[in-house]
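Written out below as structure tokens is the structure these notes cover.
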Amino acid sequence: MKSDKKGKPTSKQGGWTKSWAKIFLIMGCILFVGVMIITSLGTSWLVTMNPAKTGDTAVIDLTIHDTEGRPVLTTDIRVFNASYEKGEIVWYTNPLTMAVNSTSTEMISPLPVYRYDYGEASFGLFGDELNQISATLEGMKQGGAEKIVFANSDVLQREMTPEQFTEMGGNFTMAVPGDQMLLAFTTNPMIDLDDNSTPEYALRTSVITEKTTENVTVNYGYPSADISIVRLNHG
């Protein structure tokens with residue numbers, strides 16, 4: 001007589017059944033934990049996924065470089081300290097808050113900055129520079145980084161005679177190409193001759209690019225900047 005083995009799983013079949021049960025249980029636990037994490041984050045995590053668009057506001061880190069590649073303005077304290085210790089004319093400022101893809105109508109905007117040996121001062125950012133930074137933010141995501149190449153930075157220069165250079169605080173005899181110096185730009189030009197208000201100035205770290213026996217050329221444009229979005233607020 002043949003024995004009836006139907007309905008009696010072998011030990012091997014039972015082992016597979018228990019293994020699959022454990023796998024499903026583990027997967028269920030992982031899914032539950034994932035749901036709990038996403039729920040606790042609310043919708044804020046979506047900000048890092050959505051790119052910046054016109055109308056949004058971004059808090060950004062910024063480092064601007066001169067024609068020699070040296071930082072002249074930065075929100076990174078480590079970059080500032082390293083450059084400062086080399087004796088370079090670099091300025092530190094807090095992260096900037098900017099509207100995405102906005103247009104500045106100001107020719108020059110003063111930005112509060114600091115140096116250990118100078119104290120507090122105003123740094124002059126040109127409106128065109130701010131516009132290029134703001135335009136670059138569009139399409140970037142929170143945590144993203146970009147390098148900006150400023151247009152027409154090479155035309156922002158001034159030729160000075162030895163007398164004019166001395167009046168600016170320079171030493172014509174000792175000056176050599178590559179040296180840095182400060183240039184001051186007025187932020188409230190006096191159009192009315194009867195205006196007795198005190199003019200305000202913003203500084204820009206500039207570079208001597210050429211020197212002859214008759215004049216010295218100083219470039220006050222910046223060819224590039226590194227930016228990154230620290231926080232992005234969608235409008």
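Bear in mind that the values in this text are calculations on the coordinates, not laboratory data. Since this is a predicted model, take the numbers as computed values, not measurements. Here Cβ is always computed from backbone atoms with ideal geometry, including for glycine, and neighbour counts include all displayed protein chains.
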Whole number please: convex hull volume per residue of the Cα set in the range 53-235, in Å³? 134 Å³
Return the long-range amide H neighbours of Gly221 (sequence gap of 5 or more, or a different chain), with a cut-off of under 5 Å between placed amide H atoms. Leu156
Ranking Gly119, Val59, Thr209 by how far each Cα lies towards the positive end of the charge dipole of the range 53-235 (+1 on Lys and Arg Cβ, -1 on Asp and Glu Cβ), the top one is Val59
Please list the non-local residues whose amide H lies under 5 Å from the amide H of Asp179, H modeled 1.01 Å from N, same-chain partners needing a gap of 5 or more. Ile208
Of Thr187, Thr173, Leu130, farthest towards positive along the dipole that unit charges on Lys, Arg, Asp, Glu beta carbons give the range 53-235: Leu130
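In a shell of Cβ-Cβ distance under 12 Å around Lys53, excluding Lys53 itself, what net charge do Lys and Arg (+1) and Asp and Glu (-1) give?
On the way: positive: Lys141; negative: Asp56, Glu138.
Within the 12 Å Cβ shell, the charges total -1.
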Would you calculate the separation in nanometres between label points at Asn50 and Thr186, each defined as 7 Å from the Cα along the Cα-to-beta-carbon direction? 4.6 nm
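Provide the packing ranking of 217-229, 139-151, i.e. peptides ordered by the mean count of other C-beta atoms within 10 Å per residue, highest first. Mind dumping the intermediate values first?
On the way: 217-229: 19.9, 139-151: 14.4.
Ranking, from highest mean packing down: 217-229, 139-151.
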Report the Stokes-Einstein translational diffusion coefficient (µm² s⁻¹, integer) for the range 82-181, Rh taken as the Kirkwood radius over Cα pairs, at 37 °C with viscosity 0.692 mPa s. 199 µm²/s
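Calculate the dipole size of the range 69-226 relative to its Cα centre from +1 charges on Lys and Arg beta carbons and -1 charges on Asp and Glu beta carbons; express the result in debye to the nearest 20. Display every interim value, and only then the final one.
On the way: 9 positive and 22 negative charges, 135 e Å.
Computed about the Cα centre, the dipole is about 640 debye.
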For Lys211, list the aspartates and glutamates whose Cα falls under 12 Å from its own Cα; do not include residues on the same chain fewer than 8 positions away. Glu159, Asp179
